[in-house]
Amino acid sequence: MSRRTEMLGSTIQRELAEMILRDLNDPRLSGFPSITRVKVSPDLSIADVYVTIMGTPGQQTAALNALALIRKQIGSLDRVSRVVRLGVYVAATPEFTEHPKVADAASELFRDLFGADAVSTRLVFGVTSLPLGSPIELEVILEVNP
């Protein structure tokens, strides 16, 4: 990607984010839309815009994927005695400030599965990008029974 396409993509992302913050008022949306990435073609004729609706049930997907990996590694989720820390990384624009709302879906799923007393600390970070264009990434530290 050239510097020119990167700059144009960044400008489009910033402008769309500002438009959403200023103008969007759609009661059909259950969450907050965020422009997570813009990819501009080399000839500048096409821009692919990646949008994530924050706070929807789809945000639980990252938590479900993490649970599947945990189960694969330790054999059974019944061995988890405590979620020591849940780190949530959210790819978002600088204007987006609702990171905790995005993390709520994952937190609620872990709390529902392991119990409110078993989930200790949650950290939420806003970042400019995540690997493979992912909109959300989880870091989970567990206490596991033998």
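The values are calculated or read from the model by the stated rules, or taken from the named source; none is laboratory data. Remember, predicted model here, so these are calculated numbers, not experimental data. So basically every Cβ, Gly included, is an ideal-geometry build from the backbone, and we count neighbours across all protein chains shown.
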Exercise. Can you tell which of Asp112, Asp43, Asp48, Asp117 is of a type outside the set (Lys, Arg), assigned to a strand (DSSP E or B) and without any contact (Cβ under 8 Å) to a residue 12 or more places away in the chain?
Worked result: Asp48
Exercise. In this structure, does Val102 turn out to be surrounded by 17 or more Cβ atoms within 10 Å (Cβ to Cβ) and under 30 Å from Glu18 (Cα atoms)?
Worked result: yes
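Among the residues of the stretch 52-75, is any within 17 Å of Glu15 (Cβ to Cβ), at pLDDT below 75 and out of contact with any Asp or Glu (no Cβ under 6 Å at 6 or more places or on another chain)? Lay out the reasoning, then the answer.
Of the stretch 52-75, the ones within 17 Å of Glu15 (Cβ to Cβ) are none.
No: zero hits.
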Exercise. Scanning the stretch 105-122 for residues that are under 30 Å from Arg14 (Cα atoms) and hydrophobic (A, V, I, L, M, F, W, C), which turns out surrounded by the most Cβ atoms within 10 Å (Cβ to Cβ)?
Worked result: Ala106
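Would a scan of the stretch 93-104 turn up a residue that is hydrophobic (A, V, I, L, M, F, W, C), closer than 30 Å to Ser10 by Cα and either within 10 Å of the chain's Cα centre (by Cα) or at pLDDT 85 or above (or both)? Outline the logic, then answer.
Initial filter on the stretch 93-104 (hydrophobic (A, V, I, L, M, F, W, C)): 96, 102-103.
From what is left, the residues that are closer than 30 Å to Ser10 by Cα are 96, 102-103.
Among the residues that remain, those that are also either within 10 Å of the chain's Cα centre (by Cα) or at pLDDT 85 or above (or both) are: 102-103.
There is at least one residue in the stretch 93-104 that is hydrophobic (A, V, I, L, M, F, W, C), closer than 30 Å to Ser10 by Cα and either within 10 Å of the chain's Cα centre (by Cα) or at pLDDT 85 or above (or both).
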